Amino acid sequence: MGLDAHSVEQGRLLEEHVLTRRAELAREAHEQWSAAGPHSVSPFVPCAASRIPVLLRSARLSASDVLWDLGCGDGRVLHQAAAQYGCRCVGVDIDAACIAEARRRADEQGVGGRCTFYACDLLRLAPGALLDGTLGAAAEAAAVGPRLPPPTVAVVFVTGHALSRMNRFLHGEWAGASGALRLLTCVESLDSCVDFEAGDALFGAERPRWPISRAFEVIRYLITSSLLFRSSAKTYLKYPA
């Protein structure tokens, strides 16, 4: 089966931003606040423009939502969300250059008042960070600001390696939110992502259990969205209409 249009576009972006820039990115291998640096678990590849509307529809956003993008890159998903739905948006990413570009584009597109961006090491986020809206020591020192509005929706569009390493943190945030947080992933799924850099990737410790809603939005395109809700001790799914 051939690739769908979204995947073809995403592949072109991967080639443009990573595969053809290997020598340039290698020079950033020791930069702490770079997607090519030692603490990064996912390269910077912008989300395909054709994929963003599908992603946002699956999130079931409204103006009352607070959308966080964990690994936001240049912020394009949040820019469109803020413009289209009027929701409050927070983007965090380890690449300081991407964060600067995200802020510039937000102002340029007239959504700077609804979008906030911080350079942040996702793997250093402390338990409760999303629940409290605090980045703490995970954020670049110069970027630490006041408490942020906790997310009602969080997008995590990263590699399977990164999603695997964030899995337990995300599960703890979702469970602690008691129904107030919806998690959305794209391509990779929280219940099946694998960190192939780990020696026990396939047969290691048991991963958290996730109830997953998988929404088919277009032919041959599967977007894996964790639209997760929790009511007291009962966990259940809300399937997209």
Q: For V8, V194, write out the residues from largest to smallest accessible area, computed with a 1.4 angstrom probe and no ligands counted.
A: V8, V194
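Mind ranking S40, S178, S50, S58 by accessible surface for me, highest first, 1.4 Å probe?
Order by accessible area, largest first: S178, S50, S40, S58.
Output the peptides 23-34, 68-79, 120-131, 163-174 sorted from most to least packed, where packing is the average of other Cβ atoms within 10 Å over each peptide's residues.
Sorting 23-34, 68-79, 120-131, 163-174 by mean packing, highest first, produces 68-79, 163-174, 120-131, 23-34.
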Q: Summarise the accessible area of region 57-166 (1.4 Å probe, protein heavy atoms) by the percent that is carbon and sulfur.
A: 51
Q: Using a 1.4 angstrom probe, figure out how much accessible area region 110-173 has per residue, in square angstrom, rounded to the nearest whole.
A: 40
Q.
Given N residues in region 101-160, what is its alpha carbon radius of gyration divided by 2.2 N^0.38 Å?
A. 1.20
Q. Taking the simple approach of a point 7 Å from Cα along Cα-to-Cβ for both T20 and A97, what is their distance in nm?
A. 1.6
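The values are calculated or read from the model by the stated rules, or taken from the named source; none is laboratory data. Treat the numbers as computed from the prediction; the structure is a model and nothing was measured. With ideal geometry, Cβ positions are generated from the backbone for all residues, glycine too; neighbour counts draw on all protein chains shown. For accessibility, only protein heavy atoms count, side chains too; no ligands or nucleic acids. Shrake-Rupley method; radii C 1.70, N 1.55, O 1.52, S 1.80 Å.
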